[in-house]
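Q: This structure is in structure tokens; I'll ask about it shortly.
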Amino acid sequence: MMNSLTADILDKAKMAKSIAITTHINPDGDGFCAALALQRILLGLGQNSVIYTDDDDLTRYAFLMDTCDVRTYDADLGVTPDLLFILDCNSYDRLGERAGLVEAASTTVLLDHHMVENNAITADLSLIEPAYVSVGAIIYVLFKPQIFALSASDRLYIGDCLYTTILNDTNNYANANTNKAVYTLAADLCELGIKPHVLYKEYFMNHSAEEMRYVGETLATIELHFGRKLLTMFSSLEVMQRNNLNPDSVMNITRWVQGVNGLDAIMYLREDAPGLFKLSLRSVVLDVNKIAARYGGGGHRQASGCTLTGNREEIMAMLMKDFEAAITEYEQSKN
């Protein structure tokens, strides 16, 4: 199946006169860095491409962006690619305005490792497989021969990008999705010349003082519920503005509390605008994807999220009921 899909994608890419690549809103270290890797692979095949995002703060990825072509999407420009790649996303809801690219493209290729979400994207060629640790891993498996046929410098760059997708989606190998296949992939990427310790520092240890202050103020909101089984945190818009930060510039704060003992789940709510909130859920025992899916979101069983609108107090009350039911069901299943 993989060889057939690779052949079909390469055939489409060779014939395309224009190629666009995109990922979900609020791009992360998987979707965006996989897009950078794919762009370099296509360039090695003689095809230029453009990565489209919203007006996102991408400074966290500056160490990988020296030669890439990344542009802010504007629907008024009438972008009509012959070939569109959508990475790390399978729902129109998570594309935002860039959903228009799907309608405009002659052919759409969708590659993702999340569970199928609401309002699923219709694609001409697709691979959605949650067994992969990241969409970067899917890129590697699909195009391994093409990657190893490139120059040493291109191989190294692609390896750096793909290793960053692993760092992001395993939280530096701390998440439950870390397994033998992940380490095997990391070993393969080391053969391309990557330096894991350097990439770790570039990705995880480049916080601004303002970001660290923001993290601290968020950690100060920690509350425990249901016999210390659920940890909640909240970041207000006021704190974001006072620290002069863009929401996209702050790495997922849930990673700072994943070491708290005795928890069943973590719930982090971030206010991005008046009445607009981003929800991030983590758990090693609950299916948090079920909760996120109720509100139009999704992701993985142990890591999921969504966007919510409304009154914060009402949203929290609603989510607390969801978690009370989920924790009760889990406790009963152990008896």
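Quick note: the coordinates plus some simple rules give every number you see, no bench work behind them. Predicted model only: the values in this text are computed from it and were never measured. When we count neighbours, we look across all protein chains shown, and the Cβ atoms used for this are built from the backbone with ideal geometry, even at glycine.
Q: What is the gain in length, in nm to one decimal, between GLN258 and ALA174 on full extension, counting 0.36 nm per residue of separation less the C-alpha to C-alpha distance?
A: Values: separation 84, 0.36 × 84 = 30.24 nm, distance 0.89 nm.
Going from the current span to full extension adds 29.4 nm.
Q: Turning to a different aspect of this structure: Nearest-5 percent of antiparallel DSSP beta bridges in the chain? All intermediate terms of the calculation are to be shown ahead of the outcome.
A: Details: 21 of 47 bridges.
If I count the DSSP bridges inside the chain, around 45 percent turn out antiparallel.
Q: Based on alpha-carbon centroids, what's the gap between the range 33-49 and the range 309-323 in Å, whole number please?
A: 42 Å
Q: Another question, then. Quick one: check the C-alpha center-to-center distance for the range 164-186 versus the range 251-271, whole angstrom.
A: 18 Å
Q: May I pose another question? Per DSSP H run of n ≥ 4, the term is -39500 (n - 2.57); total these for the chain, divide by its residue number, and report the mean residue ellipticity at 222 nm rounded to 500 deg cm²/dmol.
A: Details: 11 runs with 131 residues, N = 335.
Theoretical 222 nm ellipticity from helices: -12000 deg cm²/dmol.
Q: In the range 300-335, what trypsin sites (Lys or Arg not before Pro) fall in a loop by DSSP, with at most 15 other Cβ atoms inside 10 Å? The partial results should precede the final answer.
A: Values: sites: ARG301, ARG312, LYS321, LYS334; in loops: ARG301, LYS334.
Sparse-neighbourhood loop trypsin sites (Lys or Arg not before Pro): LYS334.
Q: Quick one: angle between helix 135-148 and the longest Cα principal axis of the chain, in degrees between 0 and 90, rounded to 10, please.
A: Once rounded, one gets 20 degrees.
Q: Let me ask another. Rg and Dmax of the range 209-333 over Cα atoms: what are they, in angstrom?
A: Answer for the range 209-333, Rg first and Dmax second: 14.0, 46 Å.
Q: If you don't mind, another one. What is the total of Lys pairs in the chain with C-alpha atoms under 20 Å apart, excluding same-chain pairs fewer than 8 positions apart?
A: Final tally of qualifying lysine pairs is 12.
Q: Assuming 0.36 nm per residue, please report the length gained on full extension of the stretch TYR330 to ALA131 beyond their Cα-Cα distance. Numbers along the way, then the final one.
A: Numbers: separation 199, 0.36 × 199 = 71.64 nm, distance 2.34 nm.
Contour length minus Cα-Cα distance gives 69.3 nm.
Q: Then there is this: For every other residue with a beta carbon closer than 12 angstrom to the beta carbon of LEU58, add +1 if it is Lys or Arg and -1 if Asp or Glu, then tell me the sum. Write down the numbers at each step before the final one.
A: Numbers: positive: ARG60, ARG71; negative: ASP28, ASP54, ASP55, ASP56, ASP57, ASP248.
Result for the neighbourhood of LEU58: -4.
Q: Between 0 and 90 degrees, rounded to the nearest ten: what's the tilt of helix 2-15 against the longest Cα principal axis of the chain?
A: Long axis of 2-15 versus the principal axis of the chain: about 60 degrees.
Q: Find how much the distance from GLU191 to ALA104 grows on full extension, using 0.36 nm per residue of separation minus their present alpha carbon separation; answer in nm with one decimal.
A: Working: separation 87, 0.36 × 87 = 31.32 nm, distance 3.90 nm.
Taking 0.36 nm per residue and subtracting the Cα distance, the gain is 27.4 nm.
Q: Going 7 Å from the Cα of ALA75 in the Cα-to-Cβ direction, what parts of the range 105-148 have a backbone nitrogen less than 19 Å from that spot?
A: 105-106, 119-122
Q: In degrees, nearest 10, range 0 to 90: what is the angle between the Cα axis of helix 152-170 and the longest Cα principal axis of the chain?
A: Once rounded, the angle reads 20 degrees.
Q: Run the quick spin-label model on SER236 and ALA62: label points 7 Å from Cα toward the beta carbon, then report their separation in nm to one decimal.
A: 3.1 nm
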